[in-house]
1. From the set of residues in the stretch 168-207 that are over 16 Å from the mean Cα position of the chain (by Cα) and of a type in the set (Ser, Thr, Tyr), which is surrounded by the fewest Cβ atoms within 10 Å (Cβ to Cβ)?
2. Being in contact with a Leu (Cβ under 7 Å, 6 or more places away or on another chain) and of a type outside the set (D, E, K, R) is the filter here, so list the residues in the stretch 42-65 that pass it.
3. Could you list, in sequence order, all residues of the stretch 95-112 that are touching a Pro at 6+ places or on another chain (Cβ under 7 Å), more than 22 Å from GLU144 (Cβ to Cβ) and crowded, with 18+ Cβ neighbours inside 10 Å?
4. (1) small (Gly, Ala, Ser); (2) in a strand (DSSP E or B); (3) out of contact with any Gly (no Cβ under 9 Å at 6 or more places or on another chain): which one isn't true of ALA81, the others all being true?
5. Report every pair of residues separated by at least 6 positions or lying on different chains whose Cβ atoms are under 8 Å apart, first residue within the stretch 1-26 and touching a residue at least 24 places away in the same chain (Cβ under 8 Å) and in a helix (DSSP H, G or I), second acidic (Asp, Glu) and crowded, with 18+ Cβ neighbours inside 10 Å.
6. Testing LEU119 on (1) at pLDDT below 95; (2) within 19 Å of GLY154 (Cβ to Cβ); (3) not basic (Lys, Arg), one condition comes back false. Which one is that?
7. In the stretch 101-150, what residues are in contact (Cβ under 8 Å) with a residue 12 or more places away in the chain, charged (D, E, K, R) and either within 15 Å of ARG6 (Cβ to Cβ) or not in a loop (DSSP other than H, G, I, E, B) (or both)?
8. Tell me which residues, restricted to the stretch 89-100, are under 19 Å from the mean Cα position of the chain (by Cα), within 13 Å of VAL186 (Cβ to Cβ) and assigned to a helix (DSSP H, G or I).
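The values are calculated or read from the model by the stated rules, or taken from the named source; none is laboratory data. The model shown is predicted, which means the values in this text are computed figures rather than measured ones. Here the Cβ positions follow ideal geometry from the backbone for every residue, glycine too, while neighbour counts run over all protein chains shown.
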Amino acid sequence: MIIDTRFRGPEGSGNGGYVAGLLAGHLSTDTVTVTLRRPPPLGTELRVSVDDERGLSARLWDGEAVVAEALAGAIVVPPVAPVPYEEALGAAAGFRGADGHPFPGCFVCGTDREPGDGLRLAPGRVADGTVAAPWTPAEEPGPELVWAALDCPGAWSFLEPGRASVLGTMTAQVTGLPAAGEQCVVMGLARTREGRKTHAATALYGADGRLLGRAEQIWIEVAPARFAPSAPAAKPEMSPSVNFPVEEATPATEHCWSS
């Protein structure tokens, strides 16, 4: 697997949702939990290992380093409810990232991306702790692009000006694919916050209101400068994707969706 620079999130790193969706495609289950252990490198040959014969777990490797781990997952909480497409369209005008984006080159929500190059999602507030973004794919997307669309709206449900977060863990279920030109709505909801960790949820709805995908996430607050082009490499004893010890990168098991 090689992650093209087009599919970047923070500078020099693959978009977490997109990479998680690629890895999830190697499992035999429709609901998958992916934990990112370090920033997915761009333009580098990566190796995928499927760890059991039933196809219920897999890992993504950069040489001898684990980049991400995928396991069969489950989501038992209700999905974020949708808003009408017109309301999402109006909310996009208030996208906070338009006035200062921590990762403007992000494939999903980056403000520096041209139409047709990135998804250009602009999640704006529709209620306290809830955002919505319109999305009209030019072509029918693959499941990995649905994972990508389900990624960033979770962060924008809680991000404050001058702050940045990166995806740590995402449990997603893709139940359908939108058609080319279909007017879809992506929702994001801030659930809870624990120090630097924020639990969020996202959902994607088609033009007829059908649920196309949903996700539960854990985001980790980081300094935006960490992913600047001149940022030094992370120390090997730390989990580079979140800048804290590896054992803290996996969330507590009391959450049934394990993200």
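1. THR192
2. LEU46, VAL48, GLY55, LEU56, SER57, ALA58, LEU60, TRP61
3. Within the stretch 95-112, PHE95, PRO102 qualify.
4. It fails just one condition, (2).
5. GLY16/ASP151; GLY17/ASP151; TYR18/GLU144; TYR18/ASP151; ALA20/ASP151; GLY21/GLU144; LEU22/GLU144; ALA24/GLU144
6. (1)
7. ASP117, ARG125, GLU139, GLU144 - these are the residues of the stretch 101-150 that are in contact (Cβ under 8 Å) with a residue 12 or more places away in the chain, charged (D, E, K, R) and either within 15 Å of ARG6 (Cβ to Cβ) or not in a loop (DSSP other than H, G, I, E, B) (or both).
8. Result: ALA92, single match.
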